[in-house]
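Report on the structure given below.
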Amino acid sequence: MRPESENIDTCAALNTAPQSRALWQALAKQQQALVDTPILALFEQEPDRTKQLICEAGDLTFDVSRHAITSSTLSLLCQMLEERGFGAQRSALFAGEKVNNTEQRAALHTALRAPYRARPDFCAKEIEECNAQAARIADQIRSGVRLGYTGKPFRFIVNIGIGGSDLGPHMAARALQALNSPFEMHFVSNIDPCDIRQVLSQCLPEETLFIVSSKTFTTFETLSNANAARDWLCAALGSMDAVQQHFLAVSSHGERAAGFGISPTNVLPMWDWVGGRYSLWSAIGLPLRIAIGNELFDQMLAGAHQIDQHFSSAPLAKNIPVIMGLLGFWYGEFWQAQCHAVIPYEQRLEFFPAYLQQLEMESNGKRVTRNGQPVDYRTGMIVWGGAGTNTQHSFHQLFHQGTGLIPLDFLVGLQSVDPSADQHRYLFANCLAQSQALLVGANLAEVSEQMRTQGLAESEITRLAPHRVIPGNRPHSIFVYPKLTASVLGQLIACYEHKVFVQSVLWDINPFDQYGVELGKSIGLQVADALAGAAPADGFDAATRLLIAKFRAANGSH
Ligand code: F6P
């Protein structure tokens, strides 16, 4: 871990209250002491470290003992969170208050996975009805009662959506489909025509069901792909009427879906009090329901609800999402870390990092406080990752010998859902081995001695040893769970959702809007007109005009 000390006053803007300021200074002092203390030494200094810094909730064990913190650091960070009004803000979130203050909306993803009596009154019935509709449709499709235009059951399920209307169901279907799916699931999101073409080439029109998932039903990518799918289907089946049997929609604008030609009975609702990136639990999860069945889908909801209860009631120093949020804050503010890696040792979670990228970066990639004041501290971190062991053969080199500080999360199951797999032991071993290498490393004397035992000449040892040194002392968390069931997946996702919320409280930002993505969307439409020659390119800068001209020349759109 690269030692970088923090000027105690640098982040003073976060701390107007004298008490906060004192806390900040105490934390900065701890950071300065910890820079010179290897994490391994902390295990000796704190004999009950593994007890203090391991948390349990539901099926999850979350081990943060391999971090540059002590129990006292954690306690100071918890105090800081409390001082920011965390308790009241958390209650407001669960109660359905308008925590999305810019858009004046609630953010009630937690209600979607709560039992009826635990939901706020105003949405309890709507959620129940929507769940019942989604469950009925999923059953009909899975049992072959619902048929296509020519009377055949569905075999190919194609979700058309993007962002929150794609990443959650796509990630979760990949994670759980093997448990119980008779379908070929496909997810189309990109405006790149190759995406939809490639998927359609793998489907048979008579047996293909499309789900158009779009909260707004205005998203350009989704509507373009839905149009292409409708053209393909109707051309193959010889009638526009086929849309009635082959298209479902999920949207908070049912009238727009009806305008597309989808029967109102085939449109499931969405609400403005659920954010796109928090919507897996709603009807946006319909493709997942179809893929894995209602029972497993409900188990995923129940798993997430278990974490909601833990998040609501566990003491802060034993509260998994709270600790996740605090660690990110600690490394970002006090150690100048800029990114966070997530490495599931679980191939079926290969899309989890991509899902987290939207969840974390669209939520907390903000530059003003809830009141609109520019922040003068670091907010949302870059999130990235991939599925181990592939990542070991790709970018772990940077973790082990790079110069930047990259805190990371490992996720691993004690058992595989594939019972035939002795390979799982090696998967688990690799996770622990990476953790060990990151923590312990290998110093100059050790690598030199190792080369000596291999019989290398002293001159070779001198030449090579510095390249082989691995500093170790790289902080990381480990999530361990029994095996990747639907419930465990729900638990994991909910932990990361609440982590985002915790950090938004620490940074005093609204995690539930995403105005930053709008400008690029509107420029995109203007550029598209200019590329088609339908609008002049004069308004763009010289560099953009050059590329517009090149495109026009290549595509004959002068
Ligand atoms: O462009 C960002 C975004 O608005 C996301 O927040 C959202 O998940 C995605 O687009 C898709 O939006 P919709 O579900 O309305 O098509």
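The values are calculated or read from the model by the stated rules, or taken from the named source; none is laboratory data. As the structure is a computational prediction, the values presented were derived from the model and not from experiment. Here the Cβ is made from the backbone with ideal geometry for all residues, glycine too, and neighbour counts use every protein chain on show.
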Handout entry: Pairs, first closer than 15 Å to Ile262 by Cα and assigned by TED's automatic domain parsing to the domain that holds His186 in the stretch 216-236, second more than 16 Å from the ligand (Cβ to nearest atom) and assigned to a loop (DSSP other than H, G, I, E, B), C-beta under 6 Å, six or more apart
Key = Cys234/Met240
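Taking into account only those residues within the stretch 43-58 that are crowded, with 20+ Cβ neighbours inside 10 Å and of a type outside the set (Gly, Ala, Ser), which is farthest from Ala494 (Cα to Cα)?
Let us first name the residues in the stretch 43-58 that are crowded, with 20+ Cβ neighbours inside 10 Å, namely 53, 55, 57-58.
From the residues that got through so far, the ones that are of a type outside the set (Gly, Ala, Ser) too are 53, 55.
Values: Leu53: 20, Cys55: 15 Å.
Top of the filtered list is Leu53.
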Completion exercise
Heads up, the helices (runs of 4 or more DSSP H) in the stretch 150-258 (entirely inside) with at least 3 residues that are within 16 Å of the ligand (Cβ to nearest atom) are 167-180, 220-237
Exercise for the section: Report yes if Ser143 is over 21 Å from the mean Cα position of the chain (by Cα) and at pLDDT below 95, otherwise no. Expected result: no
Completion exercise
In the stretch 242-264, anything among the β-branched types (Val, Ile, Thr) and crowded, with 24+ Cβ neighbours inside 10 Å is listed as Val250, Ile262
Practice task
State yes or no: is Gly325 part of a helix (DSSP H, G or I) and either within 16 Å of the ligand (Cβ to nearest atom) or over 21 Å from the mean Cα position of the chain (by Cα) (or both)?
Solution key: no
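Has the stretch 85-93 got any residue that is in a loop (DSSP other than H, G, I, E, B) and not assigned by TED's automatic domain parsing to the domain that holds Trp507? Give the derivation first.
The first filter runs over the stretch 85-93 and keeps only residues in a loop (DSSP other than H, G, I, E, B), leaving 85.
If we keep only those that are not assigned by TED's automatic domain parsing to the domain that holds Trp507 too, we end up with none.
There is no residue in the stretch 85-93 that is in a loop (DSSP other than H, G, I, E, B) and not assigned by TED's automatic domain parsing to the domain that holds Trp507.
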Practice task
Look at the stretch 418-441 and say how many of its residues are touching a residue at least 12 places away in the same chain (Cβ under 8 Å) and under 14 Å from Pro344 (Cβ atoms).
Solution key: 6
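Determine if the stretch 460-469 includes at least one residue that is more than 30 Å from Tyr278 (Cα to Cα), among the hydrophobic types (A, V, I, L, M, F, W, C) and surrounded by 22 or more Cβ atoms within 10 Å (Cβ to Cβ). Step through it out loud before you land on a result.
Start the filter on the stretch 460-469 by keeping residues that are more than 30 Å from Tyr278 (Cα to Cα), which leaves 460-469.
Retained after the next criterion (residues that are among the hydrophobic types (A, V, I, L, M, F, W, C)): 461, 464-465, 469.
Subsequent filtering for residues that are surrounded by 22 or more Cβ atoms within 10 Å (Cβ to Cβ) retains none.
Checked the stretch 460-469: no residue is more than 30 Å from Tyr278 (Cα to Cα), among the hydrophobic types (A, V, I, L, M, F, W, C) and surrounded by 22 or more Cβ atoms within 10 Å (Cβ to Cβ).
Considering only helices (runs of 4 or more DSSP H) fully contained in the stretch 454-558, which possess at least 2 residues that are not assigned by TED's automatic domain parsing to the domain that holds Gly85?
458-468, 518-531, 542-555
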Completion exercise
Those residues of the stretch 393-417 which are more than 23 Å from Tyr496 (Cα to Cα) and either touching a residue at least 12 places away in the same chain (Cβ under 8 Å) or in contact with a strand residue (DSSP E or B) (Cβ under 6 Å, 6 or more places away or on another chain) (or both) amount to His400, Gln401, Thr403, Gly404
Fill in the blank from the handout: Those residues of the stretch 351-398 which are in contact with a Leu (Cβ under 6 Å, 6 or more places away or on another chain) and of a type outside the set (A, V, I, L, M, F, W, C) amount to Tyr355, Gln358, Tyr377
Practice task
With the checklist (1) under 30 Å from Ser279 (Cβ atoms); (2) out of contact with any Cys (no Cβ under 8 Å at 6 or more places or on another chain) in hand, flag the one item Ile478 doesn't pass.
Solution key: (2)
Practice task
Read through the list (1) under 26 Å from Ala302 (Cβ atoms); (2) crowded, with 24+ Cβ neighbours inside 10 Å; (3) not β-branched (Val, Ile, Thr), then give the number of the only condition that Pro482 fails.
Solution key: (2)
Completion exercise
Counting only residues that are of a type in the set (Gly, Ala, Ser), away from the ligand (no atom under 16 Å from the Cβ) and touching a helix residue (DSSP H, G or I) at 6+ places or on another chain (Cβ under 8 Å), the stretch 505-558 contains a total of 6
Fill in the blank from the handout: Restricting attention to the stretch 135-174, the residues that are among the hydrophobic types (A, V, I, L, M, F, W, C) and either within 19 Å of Pro269 (Cβ to Cβ) or without any contact (Cβ under 8 Å) to a residue 12 or more places away in the chain (or both) number exactly 6
Practice task
Just name the residue that is nearest to the ligand (Cβ to nearest atom) out of those in the stretch 341-358 that are surrounded by fewer than 24 Cβ atoms within 10 Å (Cβ to Cβ) and in a helix (DSSP H, G or I).
Solution key: Gln358
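Among Ala445, Ala437, which is the only one that is outside the structural domain of Leu414 (by TED's automatic domain parsing) and in contact with a strand residue (DSSP E or B) (Cβ under 9 Å, 6 or more places away or on another chain)? I'd like the intermediate steps shown before the answer.
On the way: Ala445 fails: in contact with a strand residue (DSSP E or B) (Cβ under 9 Å, 6 or more places away or on another chain).
Being outside the structural domain of Leu414 (by TED's automatic domain parsing) and in contact with a strand residue (DSSP E or B) (Cβ under 9 Å, 6 or more places away or on another chain) holds for just one of Ala445, Ala437, which is Ala437.
Table: residues versus (1) in contact with a helix residue (DSSP H, G or I) (Cβ under 8 Å, 6 or more places away or on another chain); (2) farther than 25 Å from Gly276 by Cβ; (3) of a type in the set (Val, Ile, Thr).
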site	(1), (2), (3)
Asp195	yes, no, no
Gln198	no, no, no
Pro205	yes, yes, no
Glu221	no, no, no
Ala228	yes, no, no
Trp232	yes, yes, no
Ser239	no, yes, no
Problem - Checklist (1) assigned to a helix (DSSP H, G or I); (2) more than 21 Å from Asp409 (Cα to Cα); (3) modelled with pLDDT under 95 applied to Lys51, failing item - result: (2)
Fill in the blank from the handout: (1) surrounded by fewer than 19 Cβ atoms within 10 Å (Cβ to Cβ); (2) within 30 Å of Pro466 (Cα to Cα); (3) in contact with an Asp or Glu (Cβ under 6 Å, 6 or more places away or on another chain) all hold for Arg370 apart from (2)
